[in-house]
Every structure is written in structure tokens, then in C-alpha cells.
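First the structure, in the form of C-alpha cells, and then the observations on it.
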Amino acid sequence: RRSYASALAEQGKKDEAVRQLRELLQLKPDTEARSQLATLLFQTGKFGDAVSEYRLLVAAKSDQPEALNNLAWLLATSPDSAVRNGTDAVRFAEQGCRLTGYQRAPMVATLAAAYAEAGRFTEAVATAQRAIALARTGGDTRFAGMVEQLLRLYQAGRPYHMPAPTAERPGS
């Protein structure tokens, strides 16, 4: 079912892929399937459901930096205020950063977003600056530029929230 769900998702049939993964998880708990489901829910703009799945995933296996990072990002930046939770975002982002030695620019950038959502703007600014430095050291100037845009928000005392997903029009 996991392979079938992957094939469906690649064909753009993400809702059917989500159904397949939910059915699989009812039959048997599986961290790979739960991770795949959480990712699909995130991609389709079902942020609340994605957060629920990521929470279950990190509760089952707390040493997954990518899952911790994705959960923290959603909790910090979701366009849905009911999904956002700065305190939890900081906790999960710090855990992911600890697991990676604070050496991955995307995870450090997520921590900056979490600090901003929690109203900790001084820490958000310093952490975003560290993420920029890590990205530049790694040669990822594009990512560094994106974080610089977020840094300006944090310097202005504002968190970043993703834009709300737009419904696709038929034929687009």
C-alpha cells in the first residue's frame, strides 16, 4: 500500500494516496507510512491533519530530525492560527537541532521561525543569522537569501506565516 500510495502521489492523485496510507495505518502502525502521510497532508494544505500525524510520528520515534523539523515548521508558520503553537514549535525545533548539532541551515531556520512565533524575537534574529551563515558556508546562497527575507520580519518583531493554500481551478 505504501508503494501504491507513492505511485498515486506521483500521478497527482494525492487524496487517493492519503486514503491508502490511512487504511494501511489502520491495519498496522508504520512510521514510514505515517511520515509519508504527514508529508502528503502538508503538501495538500491539510496542516492540522499533518500536525496530528507528525505528532504521532515523533511520539513513536523521537529521533527523526526531519519529522521534528517539519512539525516545528508547521506549528510556527501555518496560515491557520488554530494550528500554530510557538511553545511546541520551539520544543520540537530545538530537539531537531540538538540531534543535528545545530549544523543544518534549514533546521536552524525553522528554530528561528519557532522563536518568532513564540514572541522571542531577539533569539529569532540571532538564530536566523546563524542559519544564513550555515547556508552560505554550505554554498546555498538561494536558501540564505530566503532566510534573509525572514530575518527582516523578525527584526521588525513579526513572525512568518505561510500563505493560505489556494484551491486549484479545474484545468490548471
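Numerical summary
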item	result
Probe 1.4 Å, accessible area per residue of the chain, Å²	53 Å²
Centroid-to-centroid separation of the stretch 133-154 and the stretch 78-102 [C-alpha atoms, Å]	19 Å
Carbon plus sulfur fraction of accessible area for the chain, probe 1.4 Å, in percent	48 percent
Highest to lowest packing among 131-137, 25-31, scored as the average C-beta count within 10 Å	131-137, 25-31
Label-point separation in nm, Ser52 to Thr122, each point 7 Å along Cα→Cβ	4.0 nm
Cα gyration tensor category, rounded, prolate or oblate, for the stretch 35-96 with a/c compared to 1.5	oblate
Within a Gaussian network of the chain (alpha carbon springs, distance under 10 Å), most fluctuating of Gln43, Gln129, Gln11	Gln11
The stretch 53-172 shape via C-alpha gyration tensor axes, a/c threshold 1.5	rounded
Relative contact order [Cα under 8 Å, 6+ residues apart], the stretch 1-137, whole percent	15 percent
Value at 222 nm in deg cm²/dmol, rounded to 500, when DSSP H runs of n ≥ 4 in the chain each add -39,500 (n - 2.57)	-22500 deg cm²/dmol
The stretch 1-81: C-alpha gyration tensor shape, a/c 1.5 cut-off, then a/b vs b/c	oblate
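The values are calculated or read from the model by the stated rules, or taken from the named source; none is laboratory data. What you are looking at is a predicted structure, and each value in this text was computed from that prediction instead of being measured. Positions of Cβ are backbone-derived with ideal geometry, glycine not excepted, and every protein chain shown enters the neighbour counts. Surface accessibility is based on the protein's heavy atoms, side chains included, excluding ligands, DNA and RNA. Shrake-Rupley method; radii C 1.70, N 1.55, O 1.52, S 1.80 Å.
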